[in-house]
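J.: Pasting a structure here, questions to come.
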Amino acid sequence: MARPNKDVEALLQEYAELLLITGGDAFKARAYEKAARAIGGHHADVSQLDTKGLREIPNVGKSIAEKVTEYLRTGAMPVVEEARAEVPAGVRQLMAIPTLGPKKAATLYEDLGVSSVSELVAAIEREQLRGVKGFGPKTEENILHGIRLMREVGDRVPISVAMDVAEGIVAQLSSVPGCEDCVYAGSLRRMRETVGDVDILVAADRSGPFMEAFTALPQVSEVIARGEKKTSIRTAEGLQVDLRVVPPDSWGAGLLYFTGSKAHNIRVREMAVRHKYKLSEYGLFHAKSGRKIVSASEEEVYARLGLPWIPPTLREDRGEVAAGLRGELPELLAESDIKGDLHSHTDLTDGLAPLEEMVAAAARRGWRYFAVTDHAPNLYMQRMTDEKMLAQRARVRELDGSQRHLRLLHGVELNIDPDGGVDWPEEFLAEFDVCVASVHSHFGQGRADATRRLVRACENPRVNIVGHPTTRILGKRKEIEADLDEVFAACARTGTALEVNAHPARLDLSDENILRAKRYGVKFAVNTDAHSPVEFDHLRYGVGTAQRGWLTTEDVINAWPLPRLRRFLRKTGMSSSP
């Protein structure tokens, strides 16, 4: 996605929040929120559009289009700057706390003079919030939880943000004369869900030209440290990026060293010691003589230690070395293995593109099947009706076969009620090709109730997939309180798949939970939950998370051919043979 789209999205979203704080029109704020989402999900670079082109984007009216055009031309949006001036900086800091909305942040500032996170924690400890209208013990608990979430994330950013930065820098440094190879390494190469800093590795005989080019990149806002072997910068987004240049004949050892987690690297170095070797970023050496043995490729280094090449996504010291020694490393799921997406939305509900555009985009990806799963009626804001859903089904049937090699499935994303029920009765659901069921409300249920809720949904004979199963949003909402082991057992027993939601703000299930669920024999669906065609690109993050959970094509139902998938969706028991 083009970066200007995200910049504009963030600016319009901020203005919508500022409007609410300053007592502005709630409908106007909602209009800016809708425009923000639409621009963020638009397929084209908005910086290349004029006012007329911007107005063709859904939910972008004349006034907003003119403001965006002015921002893209001048770098400023006066209405946002004026609104910022009306809201103290402390209130804007409080707004960053998950679970604390803009109105509550303003109330805390006006009534108690609270203007920082530390002041808010102190006020809660003194029970000062209980004298403020609309606040009480439960509110305090939620706010403290939000602060914990924010602090857990700290300076880490979502993988998608880090990936955009890293790929841009790799592309620019790769064009510097003398570059023999250039990649990102570290936690980003391991596809961690959040990234603290980005590691870039270059293979070249001379480091100087690369350090010079690196510090001159347009993304650089600050040079933190400059050296012959390593230079660190900070981007405009506040992300630290470290560049290291290694000799070409040390490339494999350097890449291995700067990719693996600390625990994985320790495990591998211990193996080297047992072989009377010494392993560093420059190569594998004889411990006694200091003679270099191998270093040019990761495969060579691993092989001399008696190991196969270990995929970067497994390098977390979670048994991958032992599995490698036994010859039992899994053949991990690849993005090219995914044959279709089983969770997506159109503008019939909260998507940003019409059905026809989503279908055409799915066809361009070369998928063999694609499911449209708009929201069901119990998510009231989407205003779904039986008639709308049946009309969409008729249109899906008309389009099926219109794109070469692509079969269309008509599905739905159901809402799992607090008691585990879903929107429609079984006889209505029987006509859908696939039913995804997700929790969209009542996130604060107790452990027993939340567990019962999810288990009952799994036991519904028409529910095929539980979408974003723990409901987490990274840095904003924790996992629901449920006995996940009981839920995983229920999925395996009933033939219900668990989703690996590829949206970078969710990545739900997490890799740790995937590993747990896999032990029960659960099957998975790696879905984008796309609300626009550009969000199909999130699939890479879902696949990366699946790899971190050791998943293979056998574990993932949308890596299967359509006939086998259809047998699984009939939910008459777990699918057996391909």
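J.: State which residue is surrounded by the fewest Cβ atoms within 10 Å (Cβ to Cβ) when the search covers only the range 319-334 and only residues that are part of a loop (DSSP other than H, G, I, E, B) and not charged (D, E, K, R).
T.: Narrowing the range 319-334 to residues part of a loop (DSSP other than H, G, I, E, B): 319, 327-334.
Keeping just the survivors that are not charged (D, E, K, R) gives 319, 327, 329-330, 332-334.
On the way: Gly319: 14, Gly327: 8, Leu329: 20, Pro330: 15, Leu332: 19, Leu333: 26, Ala334: 14.
Across the range 319-334, the extreme among qualifying residues is Gly327.
J.: Here's another thing I want to ask about it. From the list Pro158, Pro177, which one is exposed (fewer than 12 other Cβ atoms within 10 Å of the Cβ) and either modelled with pLDDT of 90 or more or of a type in the set (A, V, I, L, M) (or both)? If you could, list the steps in order and put the result at the bottom.
T.: Numbers: Pro158 fails: exposed (fewer than 12 other Cβ atoms within 10 Å of the Cβ).
Going through Pro158, Pro177 in turn, the sole match is Pro177.
J.: Give the range 335-377 a look and list any residue that's surrounded by fewer than 19 Cβ atoms within 10 Å (Cβ to Cβ) and touching a Gly at 6+ places or on another chain (Cβ under 7 Å), or say none.
T.: Across the range 335-377, the qualifying residue is only Arg368.
J.: Let me ask something else about it. Quick check: anything in the range 265-281 assigned to a helix (DSSP H, G or I), of a type outside the set (A, V, I, L, M, F, W, C), touching a Ser or Thr at 6+ places or on another chain (Cβ under 9 Å) and open to solvent by 50 Å² or more (accessible area, probe 1.4 Å)?
T.: Looking through the range 265-281, at least one residue is assigned to a helix (DSSP H, G or I), of a type outside the set (A, V, I, L, M, F, W, C), touching a Ser or Thr at 6+ places or on another chain (Cβ under 9 Å) and open to solvent by 50 Å² or more (accessible area, probe 1.4 Å).
J.: Which condition does Tyr380 not pass, out of (1) open to solvent by 50 Å² or more (accessible area, probe 1.4 Å); (2) aromatic (Phe, Trp, Tyr); (3) within 30 Å of Arg267 (Cα to Cα), if it passes all the others?
T.: Of the numbered conditions (1) open to solvent by 50 Å² or more (accessible area, probe 1.4 Å); (2) aromatic (Phe, Trp, Tyr); (3) within 30 Å of Arg267 (Cα to Cα), the odd one out for Tyr380 is (3).
J.: Restricting the first residue to the range 269-284 and requiring it to be in contact (Cβ under 8 Å) with a residue 12 or more places away in the chain, which pairs with a second residue that is in a helix (DSSP H, G or I) and of a type in the set (S, T, N, Q) meet a Cβ separation below 6 Å and a spacing of at least six or different chains?
T.: From the range 269-284, the pairs are Tyr282/Ser250; Gly283/Ser250.
J.: Within the range 139-154, identify whether any single residue is open to solvent by 50 Å² or more (accessible area, probe 1.4 Å) and either within 22 Å of Gly252 (Cα to Cα) or small (Gly, Ala, Ser) (or both), and answer yes or no.
T.: No, every residue in the range 139-154 fails to be open to solvent by 50 Å² or more (accessible area, probe 1.4 Å) and either within 22 Å of Gly252 (Cα to Cα) or small (Gly, Ala, Ser) (or both).
J.: Do you know which residues across the range 218-245 are assigned to a loop (DSSP other than H, G, I, E, B) and touching a Lys or Arg at 6+ places or on another chain (Cβ under 7 Å)? Walk me through how you get there before you give the answer.
T.: Taking the range 218-245 first, the residues assigned to a loop (DSSP other than H, G, I, E, B) are 218-219, 226-229, 236-239.
Answer for the range 218-245, where residues must be assigned to a loop (DSSP other than H, G, I, E, B) and touching a Lys or Arg at 6+ places or on another chain (Cβ under 7 Å): just Lys229.
J.: Against the definition (free of Cβ contacts under 8 Å to residues at least 60 places away in the same chain and under 29 Å from Glu193 (Cβ atoms)), how does Leu314 come out, yes or no? Steps first, answer last, please.
T.: Details: free of Cβ contacts under 8 Å to residues at least 60 places away in the same chain: no; under 29 Å from Glu193 (Cβ atoms): yes.
It is false that Leu314 is free of Cβ contacts under 8 Å to residues at least 60 places away in the same chain and under 29 Å from Glu193 (Cβ atoms).
J.: Restricting to the range 387-402, give me the number of residues that are in contact (Cβ under 8 Å) with a residue 40 or more places away in the chain and either open to solvent by less than 60 Å² (accessible area, probe 1.4 Å) or of a type in the set (Phe, Trp, Tyr) (or both). Step through it out loud before you land on a result.
T.: Filtering the range 387-402 down to residues in contact (Cβ under 8 Å) with a residue 40 or more places away in the chain leaves 388, 392, 395-396, 399, 402.
With either open to solvent by less than 60 Å² (accessible area, probe 1.4 Å) or of a type in the set (Phe, Trp, Tyr) (or both) added as a condition, the list becomes 392, 396, 399.
So the answer is 3.
J.: A further question on this structure: Look at the range 405-463 and say how many of its residues are part of a loop (DSSP other than H, G, I, E, B), open to solvent by less than 40 Å² (accessible area, probe 1.4 Å) and within 19 Å of Asp508 (Cα to Cα).
T.: Going through the range 405-463 one residue at a time, the tally reaches 4.
J.: Which one of the conditions (1) open to solvent by 80 Å² or more (accessible area, probe 1.4 Å); (2) in contact (Cβ under 8 Å) with a residue 24 or more places away in the chain does Arg55 fail to meet, given that it meets all the rest?
T.: Only one criterion is unmet by Arg55, namely (2).
J.: Now a separate question. So which pairs qualify, if the first residue must be in the range 3-24 and of a type in the set (Phe, Trp, Tyr), the second must be buried (at least 21 other Cβ atoms within 10 Å of the Cβ), the Cβ gap must be under 7 Å, and the two must be at least 6 apart or on different chains?
T.: Taking only residues 6 or more apart or on different chains, the pairs are Tyr15/Tyr32.
J.: Could you please give the count of residues in the range 464-502 that are assigned to a loop (DSSP other than H, G, I, E, B), free of Cβ contacts under 8 Å to residues at least 60 places away in the same chain, farther than 19 Å from Pro158 by Cα and not acidic (Asp, Glu)?
T.: The qualifying residues number 3.
J.: Oh, and also: Could you pull out every one of the helices (runs of 4 or more DSSP H) wholly within the range 503-578 that has 1 or more residues that are modelled with pLDDT of 95 or more, charged (D, E, K, R) and surrounded by 21 or more Cβ atoms within 10 Å (Cβ to Cβ)? Lay out the reasoning, then the answer.
T.: Numbers: elements: 511-519, 539-548, 562-569.
Those helices (runs of 4 or more DSSP H) span 511-519, 539-548.
The values are calculated or read from the model by the stated rules, or taken from the named source; none is laboratory data. Just so it is clear, the model here is predicted, and its values are computed rather than measured. Please note: Cβ atoms are built from the backbone with ideal geometry, for glycine as well, and neighbour counts cover all protein chains shown. Just so you know, the surface numbers come from the protein's heavy atoms only, side chains and all, with ligands and any DNA or RNA stripped out. Shrake-Rupley method; radii C 1.70, N 1.55, O 1.52, S 1.80 Å.
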